[in-house]
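Worksheet for the structure shown next.
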């Protein structure tokens, strides 16, 4: 089962200040081929934009730069981009783009979770930054209808939140509020039809929250 990110026509995730501004024509998508994962995207406008840095993570918290693609500077036309990640020794990985302008200001897209061929009933497809000061939102693609149970567990394996909801076939969204929790690392654990998945979340101070700028029209 191959999964790519599908978003609505307009999405805006932003901090109070927007740096390395780009308006995306198509969202970041990932396609599996035999030799690796192809990350592709396109922009509608770019303003003073130097380059995209492709970042990858195995846990969603600690990201490593795996490549760069030159930006288009100042542009008001559609520009298409792609990058091939051939280091696919694992079946699951997190990706995001870091955008850098000519003034060295930076911002990030949302985080994409990608699973190479799998027979799971559901997979995570994208999420807000797993490093967050308050909210965490997860998008999942389900092949079945059913009751999804989800929990937030701290490092001492204490269950801080336990909830459930009915999900439908297709795209579903789950959101948790970490505002009342202390700073630290947590697990969001989901369970559907005896199939369990988990994501690591790190709560940080607001000043340490990454700058997210991802506009699609």
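Read the figures in this text as sums done on the coordinates, not as results from a lab. Please read all numbers here as calculations on a predicted model, not as lab measurements.
Observations on the structure shown:
- Whether the stretch 95-217 is rounded, prolate or oblate, judged on the alpha carbon gyration tensor where a/c under 1.5 counts as rounded: oblate
- Across the stretch 89-183, Cα pairs under 8 Å and at least six residues apart give a relative contact order of 21 percent.
- Across the chain, C-alpha contacts under 8 Å between residues 6 or more apart give a mean separation that, scaled by the residue count, equals a relative contact order of 23 percent.
- For the stretch 127-168: rounded, prolate or oblate by the Cα gyration tensor [a/c cutoff 1.5]: oblate
- Shape of the stretch 176-217, Cα gyration tensor, a/c cut at 1.5: oblate
- Among the listed values [x] 1.20; [y] 1.02; [z] 0.94, the one computed from these coordinates for Cα Rg over 2.2 N^0.38 Å is [y].
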